[in-house]
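Structure record follows, encoded as structure tokens.
The values are calculated or read from the model by the stated rules, or taken from the named source; none is laboratory data. Because the structure is a prediction, the values reported are computed rather than measured. Glycine also receives a Cβ, built like all others from the backbone with ideal geometry; neighbour counts cover every protein chain displayed. With ligands, DNA and RNA removed, areas are computed over all heavy atoms of the protein, side chains included. Shrake-Rupley method; radii C 1.70, N 1.55, O 1.52, S 1.80 Å.
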Amino acid sequence: MPPIDFEKDLNPEQRAAALAPDGPVLIIAAAGTGKTRALTYRVAHLVERGVDPRRVLLLTFTNRAAREMLDRARLLVGEGVGGLWGGTFHHMANRMLRRHAGALGYQLDYTILDQDDARGLVREAADELGLLGKHFPKPDVLLSVFSLAANKEQAVADVAGTWFKNHPIDINDVVRVHESYVKRKRGLQAMDFDDLLVNGLRLFREEPNVLRQYQEHFLHILVDEYQDTNLIQAEWVDRLAEQRRNLLVVGDDFQSIYSWRGADFRNFLRFPKRYPEATVFRLETNYRSVPGVLEVANACIAGNPEQFQKTLRAVRTEETRPVLVRLYGGEEQARYVVEALKRLRRGGVPMNRVAILYRAHFHAMELQMELAREKIPYVITSGVRFFEQAHVKDACSLLRLLVNPGDELAFQRLMGMLPKVGQKTAIRIWEFLGKRCDLRDPAQAARLRDKLPPAARDSWKQIEPLAAAYVEEHLDEDPGEVLHQFIEAFYDDYAVETFENAERRLEDLEALIDYTTKFESAEAFLSETALMTNLDAEADNVQGEPENALKLSTIHQAKGLEWDVVFILWLAENMFPSARAMEDAGGLSEERRLFYVATTRARDQLFLCVPEMRRTRDGGAMYYAPSRFVRELPPGLVKEENVGFI
């Protein structure tokens with residue numbers, strides 16, 4: 001292979017980072033500045049100067065990222081890059097444990113549990129303790145609690161206490177299930193995904209001879225997306241690099257947005273304190289976005305106090321200012337976006353180069369309805385549209401059955417939420433009731449109650465009075481009140497026990513309740529949502545291939561991606577930034593970083609949508625101030641449109 005022309009291939013910032021001297025190196029790589037390129041050329045530089053690739057460790061957060069960098073490096077230096085240790089933290093920890101797990105009391109052929117295996121063990125543990133069939137978290141929720149505790153190195157009791165606050169969950173029972181789960185794993189000579197990290201660190205802490213072996217083996221360690229490391233990963237790397245100190249980390253503290261799953265951006269900020277001799281490089285030349293987009297991003301993120309200050313500089317020169325759109329409410333926002341999409345399409349912009357980003361799923365509820373009406377195909381990063389999500393269908397099941405007692409699917413879904421009622425039991429009860437369940441009829445409601453398994457009756461007692469209220473209070477004209485009472489009486493606790501992201505789902509349902517105010521009856525609400533779901537499917541079939549479709553995504557799921565045009569929805573105080581997120585320490589700073597990530601996804605055009613009102617289920621309205629992220633922008637950075645009523 002010809003020698004690499006670093007002078008030609010890299011800009012001065014990238015080149016300085018790629019050719020950095022040995023020792024600790026911190027590369028602060030702002031959005032769109034060629035982070036992956038710099039890291040790839042660093043790998044190629046090490047190989048080109050004669051470093052044995054088998055003695056280089058490249059840590060990433062996805063195996064795909066590692067493969068991409070190694071493939072690029074291979075194009076530069078050929079097969080000389082072969083043998084490099086490249087992959088995720090979990091993958092590398094497993095590779096070491098396969099050689100040394102005996103020191104921790106495991107066989108070398110230990111089993112790695114997948115999610116289904118782990119779920120089964122937790123279910124067995126809960127069953128043995130007599131907790132199945134009671135109001136108790138489901139295995140997936142428990143596994144999320146155990147995982148967060150492991151990754152933060154906190155006691156399960158402490159994490160569970162915070163997780164289930166304000167809900168009648170006995171934390172001691174959660175701890176007992178965890179203890180049983182741990183014993184079962186050891187008995188099976190098995191580790192779950194989190195155990196790989198935990199035991200990988202234990203190996204280094206408890207076996208200094210093993211640690212020394214790897215310290216001597218690796219000449220260079222490189223870590224991508226370092227701002228997303230948790231405490232275990234950071235310590236694991238520090239111990240590994242302790243002897244040679246040839247540790248290069250790259251990342252962007254401005255894009256640290258995963259604290260809710262254990263990531264700690266302070267690992268990144270404190271790197272120079274842990275390695276005082278570190279060489280620090282900044283990548284600030286942005287190749288992605290027009291200057292106007294970067295000016296908004298720079299202005300917003302400057303408001304965060306604890307960070308490495310940096311300023312994105314644009315390579316591109318097009319003068320296109322972002323648009324700030326002031327709107328009356330969510331429906332007006334949806335109509336504005338749809339009309340803007342039509343203009344873009346007429347102007348030759350393919351829809352697959354446009355993204356709608358939002359802080360929470362319910363922010364796109366009205367827009368999804370409007371897109372369906374207009375038959376504009378779209379795909380959602382979660383893969384599930386708002387009205388097709390499990391918690392939305394759950395919440396509507398009682399309402400559907402009250403409106404149509406012959407709705408067997410609604411009956412089965414409602415029954416399936418009760419303890420000890422599986423599909424076979426639900427079908428048997430349905431047939432016993434004559435394939436019709438009119439809960440408004442006290443006699444038939446009593447027949448249903450008597451047929452339920454004993455474990456389900458206590459839960460049903462919380463739901464049954466809602467049927468009487470539906471009749472007595474004429475709630476057929478107020479679907480939001482039915483949903484509200486169902487959630488308050490039963491579904492709130494059910495969601496916490498069932499979903500690992502219960503707070504987000506309950507937030508969706510609060511918005512759904514407010515959305516019902518536009519309908520005069522429960523029947524009209526259900527008919528409209530069913531019609532929209534069918535129109536969604538029809539729109540997809542009309543224009544076919546997903547690659548031609550608009551992208552809808554939460555900002556978290558959009559990180560690392562980019563589009564020509566980006567719309568950000570609901571830039572209103574307590575919506576974005578989220579009121580719930582700001583209750584946590586450091587919450588506002590992370591919300592600001594989230595806004596920075598959203599804005600820097602846009603290449604050419606950026607639309608900031610600022611509705612001021614949401615209708616509430618009591619017939620009133622809730623008014624919002626514009627998001628502080630919008631209010632803090634200096635005059636002249638954006639072009640303002642005041643749409644108001646459309």
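How big is the shadow of the Cα convex hull of the stretch 345-465, averaged over all directions, in nm²? Spell out each step's value before the answer.
Numbers: hull surface 39.3 nm².
Taking a quarter of the hull surface, the average projection is 9.8 nm².
Placing +1 at every Lys and Arg Cβ and -1 at every Asp and Glu Cβ, with all other atoms neutral, what dipole size does the stretch 230-370 have around its Cα centre, in debye to the nearest 20? Before the final figure, lay out the partial values.
Details: 22 positive and 17 negative charges, 69 e Å.
The dipole of the stretch 230-370 has a size of about 340 debye.
Mind listing the Cα extents of the stretch 62-159 along all three principal axes, in Å, largest one first?
60, 28, 24
Accessible area per residue of the chain at 1.4 Å probe, in Å²?
Values: 26990 Å² over 646 residues.
With all protein chains present, the chain gives 42 Å² per residue.
Where does each of 155-162, 216-223 land if you order them by average Cβ count within 10 Å, highest first?
Taking the mean over residues of other Cβ atoms within 10 Å, the ranking is 216-223, 155-162.
Calculate how steeply helix 390-403 sits against the longest principal axis of the alpha-carbon atoms of the chain, using the helix alpha-carbon long axis, and give the answer as 0 to 90 degrees to the nearest 10.
It is inclined by approximately 10 degrees.
Please list, by residue number, every one of the chymotrypsin sites (Phe, Trp or Tyr not before Pro) in the stretch 366-412 that is coil in DSSP and has at most 10 other beta-carbon atoms within 10 Å. Could you put the intermediate results ahead of the total?
Details: sites: Tyr378, Phe386, Phe387, Phe411; in loops: none.
Passing sites in the stretch 366-412 do not exist.
Report, in cubic angstrom per residue, the convex hull volume of the C-alpha atoms of the chain.
Values: hull volume 108.4 nm³, N = 646.
It comes to 168 Å³ per residue, whole-number rounded.
What percent of all Cα-Cα pairs in the stretch 1-133 falls in each 5 Å bin, counting up from 0?
Per 5 Å bin, starting at zero, the Cα-Cα P(r) for the stretch 1-133 comes out as 2, 9, 15, 15, 16, 10, 8, 8, 6, 5, 4, 2, 1, 0 percent.
Taking K and R as +1 and D and E as -1, what net charge do the other residues with C-beta under 15 Å from the C-beta of Arg205 add up to? Walk me through the numbers before you get to the answer.
Details: positive: Arg202, Arg212, Arg239; negative: Glu153, Asp195, Glu206, Glu207, Glu235, Asp238, Glu242.
Result for the local shell: -4.
What distance in nm separates the two pseudo spin-label positions at Asn501 and Asn642, each 7 Å out from Cα along the beta-carbon direction?
3.7
Using r as the Cβ-Cβ distance of Ser521 and Ala103, and R0 as 51 Å, what FRET efficiency do you calculate, to the nearest 0.05? Let's see the in-between values first.
Numbers: r = 68 Å, r/R0 = 1.33.
Step by step, r from the Cβ atoms, then E = 0.15.
State the extension gain, in nm to one decimal, for the chain segment bounded by Thr320 and Leu19, taking 0.36 nm per residue of separation less the distance between their alpha-carbons.
Numbers: separation 301, 0.36 × 301 = 108.36 nm, distance 3.55 nm.
Fully extending the segment from Thr320 to Leu19 adds 104.8 nm.
Can you flag which of Lys138/Lys183; Lys393/Lys420; Lys152/Lys393; Lys35/Lys273 are past 30 Å Cα-Cα? Provide the component values of the computation, followed by the final result.
Details: Lys138/Lys183 19 Å; Lys393/Lys420 20 Å; Lys152/Lys393 34 Å; Lys35/Lys273 23 Å.
Exceeds cut-off: Lys152/Lys393.
Which of the trypsin sites (Lys or Arg not before Pro) across the stretch 141-236 are loop residues per DSSP, with 14 or fewer other Cβ within 10 Å? Show your work: numbers first, answer last.
On the way: sites: Lys152, Lys165, Arg176, Lys183, Arg184, Lys185, Arg186, Arg202, Arg205, Arg212; in loops: Lys165.
Listed in order of number, the matching sites are Lys165.
Rounded to the nearest 0.05, what FRET efficiency is calculated for Arg353 and Phe193 with R0 set to 30 Å and r the Cβ-Cβ distance? Could the numbers behind the result be given before it?
On the way: r = 35 Å, r/R0 = 1.18.
After rounding to 0.05, the efficiency reads 0.30.
If each of Ala157 and Asp71 carries a label point 7 Å out from its Cα toward its Cβ, how far apart are those two points in nm?
5.0
Tabulate in residue order the Karplus-calculated ³J(HN,Hα) for the stretch 309-315, using 6.51 cos²θ - 1.76 cosθ + 1.60 with θ = phi - 60°, rounded to whole Hz; enter x for Gly and Pro.
5, 7, 10, 5, 10, 7, 7
What dipole magnitude, in Debye to the nearest 20, does the stretch 72-173 give about its Cα centre under +1 on Lys/Arg Cβ and -1 on Asp/Glu Cβ?
Values: 11 positive and 13 negative charges, 109 e Å.
Using Cβ point charges on Lys, Arg, Asp and Glu, the stretch 72-173 gives about 520 debye.
Please say if the stretch 175-257 is rounded, prolate or oblate, where rounded means a/c under 1.5 for a ≥ b ≥ c the square roots of the C-alpha gyration tensor eigenvalues, and otherwise the choice is prolate for a/b larger than b/c and oblate otherwise?
Values: a/c = 3.30, a/b = 1.43, b/c = 2.31.
Taking the square roots of the gyration eigenvalues as a ≥ b ≥ c, the stretch 175-257 is oblate.
Out of the DSSP beta bridges found with both residues in the chain, what percent are antiparallel (nearest 5)?
Around 5 percent antiparallel, to the nearest 5.
Take the stretch 152-191, drop everything but the C-alpha atoms, weight them equally and run the Debye formula without solvent; then report log10 I(q)/I(0) at 0.14, 0.36 Å⁻¹ to two decimals.
Debye intensities relative to I(0), on a log10 scale: -0.37, -1.11.
Under a point-charge model restricted to the Cβ atoms of Lys and Arg (+1) and Asp and Glu (-1), what is the dipole moment magnitude of the stretch 138-242 relative to its Cα centre, in debye to the nearest 20?
Working: 12 positive and 18 negative charges, 99 e Å.
Around 480 debye, computed over the stretch 138-242.
Quick one: with all protein chains in place, what share of the accessible area of the stretch 341-463 is carbon or sulfur, to the nearest percent (1.4 Å probe)? Write out the running numbers ahead of the final one.
On the way: 2320 of 5060 Å².
Within the stretch 341-463, the accessible surface is 46 percent carbon and sulfur.
Given points 7 Å out from each Cα along the Cα-Cβ axis, report the Glu7 to Lys420 separation in nanometres with one decimal.
Label at Glu7, label at Lys420, 8.1 nm between them.
Taking amide H positions as placed 1.01 Å from N in the peptide plane, with prolines and chain starts having none, which residues 5 or more places from Ala30, or on another chain, fall under 5 Å of its amide H?
Counting only residues 5 or more places away or on other chains, the set is Leu283.
Within the accessible area of the stretch 106-224, what % is carbon and sulfur when the probe is 1.4 Å and the other protein chains stay in place? Could the numbers behind the result be given before it?
Numbers: 2620 of 5540 Å².
The nonpolar share, carbon plus sulfur, comes to 47 percent.
What relative contact order, as a whole-number percentage, does the stretch 132-179 give when Cα pairs under 8 Å and 6 or more residues apart are counted? Before the final figure, lay out the partial values.
Working: 24 pairs, mean separation 17.6, N = 48.
Taking the mean separation of contacting Cα pairs over the length of the stretch 132-179, I get 37 percent.
Explain nothing, just the number: relative contact order of the chain, from Cα pairs under 8 Å at least 6 residues apart, as a whole percent. Write down the numbers at each step before the final one.
On the way: 1077 pairs, mean separation 117.7, N = 646.
Reported relative contact order: 18 percent.
When the helices in the chain are scored as -39500 (n - 2.57) per DSSP H run of 4 or longer and the sum is shared across all residues, what 222 nm value do you end up with, to the nearest 500 deg cm²/dmol?
That calculation yields -15000 deg cm²/dmol at 222 nm.
Short version: ³J(HN,Hα) in whole Hz for each residue of the stretch 460-474, in order, from phi by Karplus 6.51 cos²θ - 1.76 cosθ + 1.60 (θ = phi - 60°), x for Gly and Pro, what are they?
5, 4, 6, 8, 4, x, 5, 5, 5, 5, 4, 7, 5, 9, 6
Explain nothing, just compute: Karplus ³J(HN,Hα) = 6.51 cos²θ - 1.76 cosθ + 1.60, θ = phi - 60°, for every residue of the stretch 605-622 in order, whole Hz, x for Gly and Pro.
9, 9, 10, 10, 9, 10, x, 10, 8, 10, 6, 10, 5, 8, x, x, 9, 10
Which one, Ala468, Asn642, His484, projects farthest toward the positive side of the charge dipole computed for the chain from Cβ point charges (K/R +1, D/E -1)?
In the chain, that residue is Asn642.
With a/c under 1.5 counting as rounded, go ahead and sort the stretch 242-316 into rounded, prolate or oblate using the C-alpha gyration tensor (a ≥ b ≥ c being the square roots of the eigenvalues; past the cut-off, prolate if a/b is larger than b/c, else oblate). Walk me through the numbers before you get to the answer.
Numbers: a/c = 2.38, a/b = 1.60, b/c = 1.49.
Verdict is prolate for the stretch 242-316.
Using a Förster distance of 56 Å, how high is the FRET efficiency between Arg245 and Leu409, based on the Cβ-Cβ distance and rounded to 0.05? Before the final figure, lay out the partial values.
Details: r = 62 Å, r/R0 = 1.11.
Efficiency, rounded to the nearest 0.05: 0.35.
Between Phe525, His361, Ile429, whose Cα lies farthest towards the positive end of the dipole of the chain when Lys and Arg beta carbons carry +1 and Asp and Glu beta carbons carry -1, centred on the Cα centre?
His361
Give the residue from Tyr328, Asn286, Ile568 lying farthest towards the positive end of the charge dipole for the chain; charges sit on Cβ (+1 for Lys and Arg, -1 for Asp and Glu) and the dipole is referred to the Cα centre.
Positive-most Cα among the choices belongs to Asn286.
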